[in-house]
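Novice: Just passing along the structure, written as structure tokens.
The values are calculated or read from the model by the stated rules, or taken from the named source; none is laboratory data. Keep in mind that this is a model prediction, so the values were computed, not measured. Positions of Cβ are backbone-derived with ideal geometry, glycine not excepted, and every protein chain shown enters the neighbour counts.
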Amino acid sequence: MTQEMSFFERHEFMIRRLHSLSGLIPVGAFMVVHLMANASINNGTESYQKIVYQIHSLGPAVLVVEWLFIFLPIIFHALLGFVFIFQGRSNVSKYPYQANYRYVAQRVTGMIAFFFILWHVLQMNGVIHADWFRETIADPIGLAQFRPYNAASTAAKALQNPIVSGLYAIGILACVFHFANGLWTMGITWGVWVSPKAQKMASHICLGVGAIIAVIGLSALVGFYKVDIDKAEARELEMYEQGIKSGTILADPHKLIDSQRADQENH
Amino acid sequence: MIKDAYDQTISSFTVRIERQDGPGSPSYWETFDVTYESDMNVISVLQRIAAMSETATGEKTTPVAWSCGCLEEVCGSCTMVINGKVRQSCSALVDNLLDGTDQELVLQPMSKFPVVRDLVVDRQRIFRSLQRVEAWVPVDTYYDMGPGPKVSRAQQEINYPLSECMSCGCCMEACPQYTKVEVVRADGESDADYDKRVNEAYDTQFIGPQAISQAMLFNSHPTGAQIAEERLELLSGPGGVQVCGNAQNCVTVCPKEIPLTTSIARAGRAVTVHKFKKWFGKS
Ligand code: HEM
Ligand code: SF4
Ligand code: SF4
Ligand code: FES
């Protein structure tokens with residue numbers, strides 16, 4: 001070959017395999033842990049708040065972990081995902097076979113996941129944590145609604161609107177399908193399941209895994225919908241004050257809702 | 001599978017054909033009326049159409065071009081898209097095709113290969129892909145090397161189905177990851193220059209399921225396996241096995257029922273192992 005190859009062409013194998021891997025580690029693994037953590041809301045405000053305390057016991061390092069192991073890998077996987085989507089030409093109308101529908105579904109759910117995750121991260125996390133951003137942009141348009149030290153009440157508040165929880169249900173199901181089906185294709189890509197029999201069995205197992213994760217994911221939505229917000233806020237404040245006293249959590253009034261934050265900052 | 005013959009109450013049927021006068025020229029549709037005879041296949045329909053060279057509305061037209069060879073579904077040269085599905089026209093029987101409610105045949109050239117004329121396409125990319133993965137047994141000596149190693153019965157049973165591939169193009173036509181590459185010849189360009197440009201254009205594009213499967217065939221051939229690692233390196237080059245998106249259309253449409261997705265997974269595994277050996281091993 002005399003032609004100059006592009007960077008993508010020269011490293012296509014590595015890039016595709018890294019994309020495949022990133023779908024499982026860290027992105028897929030994070031998603032599963034995240035959905036399970038959310039589902040703990042069904043054990044009550046405290047269980048959920050405790051998990052969030054654990055995450056935030058890292059202090060400022062949470063940001064590093066977030067970017068390094070969550071945001072950047074998702075961005076990597078999603079951007080490449082879009083490139084791959086536009087390189088293929090789906091043809092289910094001519095070849096309406098099951099695996100072909102799944103090929104299309106993998107791409108459609110990937111795109112839904114992209115927009116869902118973008119919205120979800122902005123709505124809950126807000127990405128930029130500076131006060132000026134919160135006051136001038138985030139609060140007026142309803143971004144960055146989650147407060148780590150009022151975990152249950154703020155998450156619940158954000159999910160009270162049935163349209164919002166409906167969109168969340170769609171987003172979660174899309175992500176879970178994408179993950180479960182991606183697990184199956186990954187097994188072929190890396191050569192884990194080879195024979196038709198093994199591929200079929202793996203397909204059933206991935207379906208089962210997907211169904212379980214879907215139930216876990218959706219149960220969190222139900223759990224948040226049922227939270228009594230006033231009660232949760234009061235309990236969270238109690239937990240915060242106790243935690244500060246016993247030194248088990250790092251004092252950071254920024255991670256509280258405004259009504260409690262002003263109070264704590266005056267202490 | 002032999003279906004009940006079409007219970008014929010018609011004397012003729014229509015055939016719509018997507019035509020194209022030459023490489024790069026626009027395609028257009030023509031409709032023909034063909035007198036029904038029992039046991040026709042699509043090739044015999046095309047023979048009638050060429051003999052008539054007259055459209056359904058009675059206008060004279062050029063004969064529709066097609067290609068065929070064996071007429072028994074082993075050479076692959078007659079592959080085209082018939083009623084929306086890619087298959088061999090020699091084994092496509094009119095009685096079965098008209099079996100539905102629709103009494104029309106729709107013939108199109110394969111969409112993933114450059115059209116030469118009408119239903120004839122240039123399948124050079126398929127053969128180029130075989131070259132790209134060195135899908136052959138490397139023997140380049142005049143000396144008598146004696147008999148080759150024995151192949152076990154079990155291995156033969158794995159290899160034989162793969163060896164039935166006739167490079168027809170069905171699997172590539174149906175693959176959503178395999179997209180058309182067409183290089184138009186420049187004015188006054190020599191064959192050598194043109195071929196060089198064509199190959200360059202092909203060489204970074206997906207090799208397709210057939211070449212992956214053939215690479216696996218020759219990697220399990222005792223003599224072919226001498227260059228197994230070389231083939232794996234080529235298989236993971238630009239346009240290699242990694243481009244597969246697991247839509248699995250290939251295995252469904254292959255007329256020879258070649259276990260293409262098994263070959264793809266085998267290739268995936270072999271390449272994974274090969275890369276680990278290359279990066280972490282001594283070889
Ligand atoms: C954010 C937007 C996303 C887009 C646009 C996207 C896109 C894609 C695409 C197109 C593929 C198929 C690649 C191929 O077969 O060549 C894929 C595979 C995969 N994705 Fe995603 N994805 C996204 C998010 C996610 C998320 C959130 C997860 C995990 C929960 C995930 C997990 C996977 C897995 C496991 C695979 C399988 C890789 C393989 O077949 O080897 N993706 N993704
Ligand atoms: S693998 Fe099957 S469909 Fe593909 S070229 Fe060979 S015979 Fe045709
Ligand atoms: S399994 Fe791979 S090679 Fe076969 S049709 Fe699907 S994408 Fe193409
Ligand atoms: S003519 Fe050879 S396969 Fe049809």
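Novice: Return only the number of the condition from (1) within 16 Å of ligand 2 (Cβ to nearest atom); (2) more than 14 Å from chain B (Cβ to nearest Cβ) that A:N100 does not satisfy.
Specialist: (2)
Novice: Further, regarding this structure: Mind telling me which of the residues A:S47, A:S20 ends up being more than 8 Å from chain B (Cβ to nearest Cβ) and over 19 Å from the mean Cα position of the chain (by Cα)? Before the answer, list the steps.
Specialist: On the way: A:S20 fails: over 19 Å from the mean Cα position of the chain (by Cα).
None of the other options fit; the residue is A:S47.
Novice: Go through region A:170-198 and give me each residue that's of a type in the set (V, I, T) and assigned to a helix (DSSP H, G or I). Reasoning before the result, please.
Specialist: Keep residues of region A:170-198 that are of a type in the set (V, I, T), which gives A:170, A:172, A:176, A:185, A:188-189, A:192, A:194.
Those that are of a type in the set (V, I, T) and assigned to a helix (DSSP H, G or I): A:I170, A:I172, A:V176, A:T185, A:I188, A:T189.
Novice: Within 9 Å of chain A (Cβ to nearest Cβ) and assigned to a helix (DSSP H, G or I): which single residue out of B:A225, B:A270, B:A211 fits that description?
Specialist: B:A270
Novice: While we're looking at this one, here's another question. Looking at region B:248-257, can you tell me whether even one residue there is of a type in the set (D, E, K, R), more than 14 Å from chain A (Cβ to nearest Cβ) and within 19 Å of B:I158 (Cβ to Cβ)? Spell out how you get there, then give the answer.
Specialist: Initially, region B:248-257 is screened for residues of a type in the set (D, E, K, R), giving B:256-257.
After this cut, where a residue has to be more than 14 Å from chain A (Cβ to nearest Cβ) as well, the list is B:256.
Next, from what is left, pick out any that are within 19 Å of B:I158 (Cβ to Cβ): B:256.
Checked against the condition, which is being of a type in the set (D, E, K, R), more than 14 Å from chain A (Cβ to nearest Cβ) and within 19 Å of B:I158 (Cβ to Cβ), region B:248-257 yields at least one hit.
Novice: Shifting gears a bit: Can you spot a residue in region B:103-111 that is more than 18 Å from B:V64 (Cα to Cα) and within 13 Å of the chain's Cα centre (by Cα)? Give the derivation first.
Specialist: Restricting attention to region B:103-111, the residues satisfying the condition of being more than 18 Å from B:V64 (Cα to Cα) are B:103.
Pick out the ones that are also within 13 Å of the chain's Cα centre (by Cα) and you get none.
Looking through region B:103-111, none of the residues is more than 18 Å from B:V64 (Cα to Cα) and within 13 Å of the chain's Cα centre (by Cα).
Novice: Condition first: surrounded by 21 or more Cβ atoms within 10 Å (Cβ to Cβ) and out of contact with any Phe, Trp or Tyr (no Cβ under 9 Å at 6 or more places or on another chain). Now tell me which residues in region B:115-140 satisfy that.
Specialist: Result: B:V115, single match.
Novice: Go over the candidates A:V92, A:V104, A:V64, A:V32 one by one and state the one that is in contact (Cβ under 8 Å) with a residue 24 or more places away in the chain and of a type in the set (A, V, I, L, M).
Specialist: Working: A:V92 fails: in contact (Cβ under 8 Å) with a residue 24 or more places away in the chain; A:V104 fails: in contact (Cβ under 8 Å) with a residue 24 or more places away in the chain; A:V64 fails: in contact (Cβ under 8 Å) with a residue 24 or more places away in the chain.
Exactly one residue qualifies, and that residue is A:V32.
Novice: Consider B:A174 carefully, then state whether it is touching a strand residue (DSSP E or B) at 6+ places or on another chain (Cβ under 7 Å) and within 13 Å of another protein chain (Cβ to nearest Cβ).
Specialist: Criteria met by B:A174.
Novice: Same structure, new question: Do the conditions hold for B:T62, that is, is it touching a helix residue (DSSP H, G or I) at 6+ places or on another chain (Cβ under 8 Å), more than 16 Å from ligand 1 (Cβ to nearest atom) and either charged (D, E, K, R) or on the phi < 0 side of the Ramachandran plot (or both)? Walk me through how you get there before you give the answer.
Specialist: Values: touching a helix residue (DSSP H, G or I) at 6+ places or on another chain (Cβ under 8 Å): no; more than 16 Å from ligand 1 (Cβ to nearest atom): yes; either charged (D, E, K, R) or on the phi < 0 side of the Ramachandran plot (or both): yes.
Criteria not met by B:T62.
Novice: Still on this model: Provide a single number: the residues in region B:217-242 that are β-branched (V, I, T) and buried (at least 22 other Cβ atoms within 10 Å of the Cβ). Lay out the reasoning, then the answer.
Specialist: Applying the first criterion (β-branched (V, I, T)) to region B:217-242 yields B:223, B:227, B:241.
Keeping just the survivors that are buried (at least 22 other Cβ atoms within 10 Å of the Cβ) gives B:241.
Final tally of qualifying residues: 1.
Novice: Looking only at residues in region B:228-264 that are part of a loop (DSSP other than H, G, I, E, B) and without any contact (Cβ under 8 Å) to a residue 24 or more places away in the chain, which one is nearest to ligand 1 (Cβ to nearest atom)? Walk me through how you get there before you give the answer.
Specialist: To start, the set of residues in region B:228-264 that are part of a loop (DSSP other than H, G, I, E, B) comprises B:236-240, B:244-248, B:254-259.
Narrowing the set further to residues that are without any contact (Cβ under 8 Å) to a residue 24 or more places away in the chain leaves B:246, B:248.
Values: B:N246: 6, B:Q248: 12 Å.
My answer is B:N246.
Novice: Another question, then. So B:K275 ticks every box in (1) assigned to a helix (DSSP H, G or I); (2) within 16 Å of ligand 2 (Cβ to nearest atom); (3) surrounded by fewer than 24 Cβ atoms within 10 Å (Cβ to Cβ) but one. Which box is left unticked?
Specialist: Tallying (1) assigned to a helix (DSSP H, G or I); (2) within 16 Å of ligand 2 (Cβ to nearest atom); (3) surrounded by fewer than 24 Cβ atoms within 10 Å (Cβ to Cβ), B:K275 fails exactly one: (2).
Novice: Here is a list of conditions, (1) outside any loop (DSSP other than H, G, I, E, B); (2) surrounded by fewer than 22 Cβ atoms within 10 Å (Cβ to Cβ), and A:L143 meets all of them except one; can you say which number that is?
Specialist: Here A:L143 meets the rest and fails (1).
Novice: Based on what the data block shows, is A:W132 at pLDDT 95 or above and part of a helix (DSSP H, G or I)?
Specialist: On the way: at pLDDT 95 or above: no; part of a helix (DSSP H, G or I): yes.
Judged against the criteria, A:W132 is not a match.
Novice: Hey, another quick one. A:L80 versus (1) in contact with a helix residue (DSSP H, G or I) (Cβ under 9 Å, 6 or more places away or on another chain); (2) closer than 26 Å to A:V215 by Cα; (3) not aromatic (F, W, Y): which is the lone unmet condition?
Specialist: (2)
Novice: Of the residues that sit in region B:152-178 and are part of a loop (DSSP other than H, G, I, E, B) and away from ligand 2 (no atom under 13 Å from the Cβ), which one is modelled with the lowest pLDDT? Don't jump to the end; show me each part of the working.
Specialist: Residues of region B:152-178 that are part of a loop (DSSP other than H, G, I, E, B), as a first pass: B:152, B:164-169, B:175-178.
Now drop any that are not away from ligand 2 (no atom under 13 Å from the Cβ), which leaves B:152, B:176-177.
Values: B:S152: 94, B:P176: 98, B:Q177: 98.
Filtering region B:152-178 for residues that are part of a loop (DSSP other than H, G, I, E, B) and away from ligand 2 (no atom under 13 Å from the Cβ), the one modelled with the lowest pLDDT comes out as B:S152.
Novice: So which of B:F280, B:F276, B:F206 is at pLDDT below 95 and either within 13 Å of chain A (Cβ to nearest Cβ) or within 16 Å of ligand 4 (Cβ to nearest atom) (or both)? Break it down stepwise before answering.
Specialist: On the way: B:F280 fails: either within 13 Å of chain A (Cβ to nearest Cβ) or within 16 Å of ligand 4 (Cβ to nearest atom) (or both); B:F206 fails: at pLDDT below 95.
Every option except B:F276 fails the conditions.
Novice: Does B:K85 count as basic (K, R) and touching a residue at least 40 places away in the same chain (Cβ under 8 Å)? Full working, then the answer.
Specialist: Values: basic (K, R): yes; touching a residue at least 40 places away in the same chain (Cβ under 8 Å): yes.
Yes, satisfied.
Novice: Do you know which residues across region B:47-63 are among the hydroxyl-bearing types (S, T, Y), touching an Asp or Glu at 6+ places or on another chain (Cβ under 7 Å) and under 13 Å from B:R16 (Cα atoms)?
Specialist: Residues of region B:47-63 that are among the hydroxyl-bearing types (S, T, Y), as a first pass: B:53, B:55, B:57, B:61-62.
Those left that are additionally touching an Asp or Glu at 6+ places or on another chain (Cβ under 7 Å): B:55, B:61.
The answer is B:T55, and nothing else.
Novice: Restricting the search to region A:182-207, which residues are within 7 Å of chain B (Cβ to nearest Cβ), touching a residue at least 24 places away in the same chain (Cβ under 8 Å) and surrounded by fewer than 20 Cβ atoms within 10 Å (Cβ to Cβ)?
Specialist: Within region A:182-207, A:W190 is the sole residue that qualifies.
Novice: Of all residues in region B:60-94 being among the polar types (S, T, N, Q) and away from ligand 4 (no atom under 12 Å from the Cβ), which is nearest to B:S163 (Cα to Cα)?
Specialist: Result: B:N83.
Novice: OK, next. Could you tell me whether A:F133 is surrounded by fewer than 21 Cβ atoms within 10 Å (Cβ to Cβ), touching a Cys at 6+ places or on another chain (Cβ under 8 Å) and away from chain B (no Cβ under 14 Å)?
Specialist: Numbers: surrounded by fewer than 21 Cβ atoms within 10 Å (Cβ to Cβ): yes; touching a Cys at 6+ places or on another chain (Cβ under 8 Å): no; away from chain B (no Cβ under 14 Å): yes.
The answer is no for A:F133.
Novice: Also, quick follow-up: For a quick check of your reading of the model, give me the residue pairs whose first member lies in region A:208-235 and is within 17 Å of A:L173 (Cβ to Cβ), whose second is outside any helix (DSSP H, G or I), with beta-carbon atoms closer than 6 Å and at least 6 apart or on different chains.
Specialist: That search, which allows pairs on different chains as well, returns A:F224/A:L159.
Novice: Further question on the same structure: Against the definition (more than 27 Å from the chain's Cα centre (by Cα) and touching a residue at least 40 places away in the same chain (Cβ under 8 Å)), how does A:G247 come out, yes or no? Before you say what the answer is, go through the steps one by one.
Specialist: Values: more than 27 Å from the chain's Cα centre (by Cα): yes; touching a residue at least 40 places away in the same chain (Cβ under 8 Å): no.
Spelling it out, it is not the case that A:G247 is more than 27 Å from the chain's Cα centre (by Cα) and touching a residue at least 40 places away in the same chain (Cβ under 8 Å).
Novice: Go through region B:177-197 and give me each residue that's closer than 23 Å to A:F13 by Cα, in contact with a helix residue (DSSP H, G or I) (Cβ under 7 Å, 6 or more places away or on another chain) and surrounded by fewer than 21 Cβ atoms within 10 Å (Cβ to Cβ). Outline the logic, then answer.
Specialist: Going through region B:177-197, the residues closer than 23 Å to A:F13 by Cα turn out to be B:177-181.
Keeping just the survivors that are in contact with a helix residue (DSSP H, G or I) (Cβ under 7 Å, 6 or more places away or on another chain) gives B:177-178, B:181.
Listed by number, the list holds a single entry, B:V181.
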